[in-house]
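First up is the structure itself, then whatever we jot down about it.
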Amino acid sequence: MKYYLVAGEASGDLHGSNLMKALKSKDPEANFRFWGGDLMQAVGGEMIKHYRDMAFMGFLEVALHLRQVLNNIKICEIDILLYEPDVLILIDYPGFNLRVAEFAHEHGIKVIYYISPQVWAWKKNRIHKIKRCVDEMIVILPFEEKFYEEHGVPVHFVGHPLLDAIDKDIAQSDAVKHFKNNNQLDGRDIVAILPGSRKQEIDKMLPVMLEVAKNYPQFQFVVSGVNWQPKSLYNKYLKGSDIKIVFDETYPLVLNAKAALVTSGTATLETALLGTPQVVCYKGTAVSYVIAKHLIKGINYISLVNLILDKPAVCELIQYEMNSKRLAEEFEKIAFDEDNIRRMKSDYAELHHLLADSKASENAAKVICETIRN
């Protein structure tokens with residue numbers, strides 16, 4: 001079978017790569033063409049564009065790069081027609097992927113959406129396009145299945161793919177055991193700084209996180225960087241500081257950390273599943289924040305941890321609350337308050353139970369193969 005996949009972010013690249021592996025196990029003749037990243041490329045097939053050239057965050061940023069976004073959509077549409085896939089698999093990234101879904105549906109191509117857009121939180125009118133253009137919705141959060149069933153969309157809940165990505169034995173790996181020595185770190189407790197992977201996120205979050213780090217010399221703060229961003233992006237904030245940065249070692253860093261300051265996104269769920277106390281941070285442009293606040297209705301949280309548990313298991317510092325004073329206050333609760341730390345880890349255990357060890361990638365591949373056959 002010929003599979004065309006579109007992932008526009010780092011998390012989509014991770015989950016797309018595991019899905020491709022699962023598809024290959026069920027279909028040895030699988031042929032892949034995709035928009036994604038290094039992890040998907042390592043599985044095999046032909047990559048058309050890397051997600052680093054697509055990662056725009058917020059309404060204003062998308063508007064400023066609108067010509068590039070529209071050009072990418074057009075390239076994708078033409079490439080799909082030339083490839084003539086048996087199925088188009090779209091992974092999250094809704095602003096781009098729903099446009100592509102509509103085009104593919106109009107041309108008689110079977111469309112499967114893996115990892116739902118958060119239509120239950122905002123832009124609920126998108127459900128009409130999904131119902132019209134998507135042949136099968138594969139969801140990874142427990143409450144999403146009921147949402148789509150109520151709207152008459154064919155849906156399967158497969159579990160969360162992060163449980164596929166996080167190896168049960170990772171804590172015993174050499175990368176984790178020797179993390180401090182490998183990165184020339186001293187004996188102090190580590191605090192992980194996860195500023196996100198997009199340039200806009202790093203520019204907004206990292207300076208505030210580093211401001212907090214100055215006040216706690218008893219800890220060594222370590223920044224998690226991504227190798228596809230230029231080192232100069234990080235160095236302009238780390239200049240004159242003794243704070244270390246490690247690249248593409250997020251799991252070993254978080255597992256070695258006493259606490260973590262985490263930009264909202266998939267990393268908040270990863271940090272919870274790895275068991276490290278955290279504060280969730282989010283800050284966008286003023287314009288993007290005002291628009292988002294107006295559009296999001298009936299939702300109390302932004303982090304996946306709190307959304308899944310439906311309670312404030314981790315503190316969320318959003319926009320104007322995301323400042324050095326408030327971040328320091330909340331950091332102290334996850335660094336020194338043992339009762340709060342125990343409570344958070346208990347919530348993490350509940351989270352793990354809700355998501356279940358369900359082999360999401362394998363389950364999703366099974367649904368995709370059955371949908372193609374049907």
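Couple of notes before you dig in:
- Screening the candidates Val139, Val111 for the property of being in contact with a Ser or Thr (Cβ under 6 Å, 6 or more places away or on another chain) and not small (Gly, Ala, Ser) yields one hit, Val139.
- Enumerated helices (runs of 4 or more DSSP H) restricted to the stretch 282-350, each holding at least 3 residues that are more than 25 Å from Glu211 (Cα to Cα) and modelled with pLDDT of 90 or more: 304-309
- Near pairs, Cβ below 9 angstrom, 6+ apart or cross-chain, from the stretch 234-262 (free of Cβ contacts under 8 Å to residues at least 40 places away in the same chain and among the acidic types (Asp, Glu)) to any residue that is part of a loop (DSSP other than H, G, I, E, B) and open to solvent by less than 60 Å² (accessible area, probe 1.4 Å): Asp248/Val226
- Within this structure, Val87 fails the test of being surrounded by 20 or more Cβ atoms within 10 Å (Cβ to Cβ), without any contact (Cβ under 8 Å) to a residue 60 or more places away in the chain and not polar (S, T, N, Q).
- Selection within the stretch 109-119 - open to solvent by less than 50 Å² (accessible area, probe 1.4 Å) and assigned to a loop (DSSP other than H, G, I, E, B): Ile109, Ile115, Ser116, Pro117, Val119
- Qualifying residue in the stretch 120-138 (condition: under 25 Å from Arg99 (Cα atoms), of a type in the set (Lys, Arg) and part of a loop (DSSP other than H, G, I, E, B)): yes
- Among the residues of the stretch 92-108, those identified as assigned to a loop (DSSP other than H, G, I, E, B) and surrounded by fewer than 20 Cβ atoms within 10 Å (Cβ to Cβ) are His107, Gly108.
- Restricting the search to strands (runs of 3 or more DSSP E) fully inside the stretch 165-270 and requiring at least 3 residues that are touching a Gly at 6+ places or on another chain (Cβ under 6 Å) and surrounded by 14 or more Cβ atoms within 10 Å (Cβ to Cβ) gives an empty result.
The values are calculated or read from the model by the stated rules, or taken from the named source; none is laboratory data. None of these values were measured; they are calculated from a predicted model. Note: ideal-geometry Cβ built from the backbone for every residue, glycine included; neighbour counts use all protein chains shown. Only protein heavy atoms, including side chains, enter the accessible area calculation; ligands, DNA and RNA are left aside. Shrake-Rupley method; radii C 1.70, N 1.55, O 1.52, S 1.80 Å.
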